[in-house]
Amino acid sequence: IFILVVLGMLGVYMVSLSTVQQATTTQAYLQAKVYQASRSGLEWGIKQVVDHSACFTDDSFTVEQIPVALSCQVVDAYTEGGDSYQVYELTSQASFATISSPDYVSRTLKVTIHD
């Protein structure tokens, strides 16, 4: 009976360990996916600023079911060697699921660029 109890406890431990490992792998995958979605938002925003030399209006889009919110603001203007530049701060925020969900993941990336 003692051996059966020990083997049963070992089986329960192995099942719980497997469940935790699967949840950890899923969370790591979601984190990478949300990070890349946020980064793609920044790349899009950088292209808009560089192409138009102006801030875009706040925008949002979806990358593989992950909503991405973008914002742009003019931080400063400066002159260097007779050339004038604008400094922009771009923010991209992507999130998956709701904050109360165990699968909730959110990433916010910021970049400062000039035209």
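If you go through the stretch 68-81 and keep only what is over 18 Å from Lys110 (Cβ atoms) and open to solvent by 70 Å² or more (accessible area, probe 1.4 Å), you end up with Tyr78, Thr79, Glu80, Gly81. Under the condition of being touching a Leu at 6+ places or on another chain (Cβ under 8 Å) and of a type in the set (A, V, I, L, M, F, W, C), the residues counted in the stretch 11-60 number 5.
Taken together, the criteria exclude Tyr13 from residues that are on the phi < 0 side of the Ramachandran plot, of a type in the set (Phe, Trp, Tyr) and in a strand (DSSP E or B).
Restricting attention to strands (runs of 3 or more DSSP E) lying wholly within the stretch 17-115, give those where 3 or more residues are hydrophobic (A, V, I, L, M, F, W, C). Write out each step before concluding.
Numbers: elements: 59-63, 66-80, 83-96, 105-114.
The strands (runs of 3 or more DSSP E) meeting that bar are 66-80, 83-96, 105-114.
Exactly one residue among Ser101, Ser84, Ser71 is among the polar types (S, T, N, Q) and in contact with an Asp or Glu (Cβ under 8 Å, 6 or more places away or on another chain), and that residue is Ser71. A count restricted to the stretch 1-47 and to residues that are among the hydroxyl-bearing types (Ser, Thr, Tyr), open to solvent by less than 70 Å² (accessible area, probe 1.4 Å) and at pLDDT 90 or above stands at 2.
Would you pick out the residues in the stretch 87-96 that are in contact with a helix residue (DSSP H, G or I) (Cβ under 8 Å, 6 or more places away or on another chain) and closer than 22 Å to Glu64 by Cβ? So that I can check it myself, show each step before the final result.
Our first condition is that a residue be in contact with a helix residue (DSSP H, G or I) (Cβ under 8 Å, 6 or more places away or on another chain); within the stretch 87-96, this holds for 88, 90, 92-96.
If the condition is that a residue be in contact with a helix residue (DSSP H, G or I) (Cβ under 8 Å, 6 or more places away or on another chain) and closer than 22 Å to Glu64 by Cβ, then Leu90, Ser92, Gln93, Ala94, Ser95, Phe96 are the ones that fit.
Every condition in (1) in contact with a helix residue (DSSP H, G or I) (Cβ under 6 Å, 6 or more places away or on another chain); (2) in contact (Cβ under 8 Å) with a residue 60 or more places away in the chain holds for Ile66 except the one numbered (2).
The values are calculated or read from the model by the stated rules, or taken from the named source; none is laboratory data. Keep in mind the model is a prediction, meaning the values are calculated, not measured. Because the Cβ atoms are built from the backbone with ideal geometry, glycine has one as well, and the counts that use them run over all protein chains shown. Accessible surface is based on the protein model in full, side chains and every heavy atom, while ligands, DNA and RNA are left aside. Shrake-Rupley method; radii C 1.70, N 1.55, O 1.52, S 1.80 Å.
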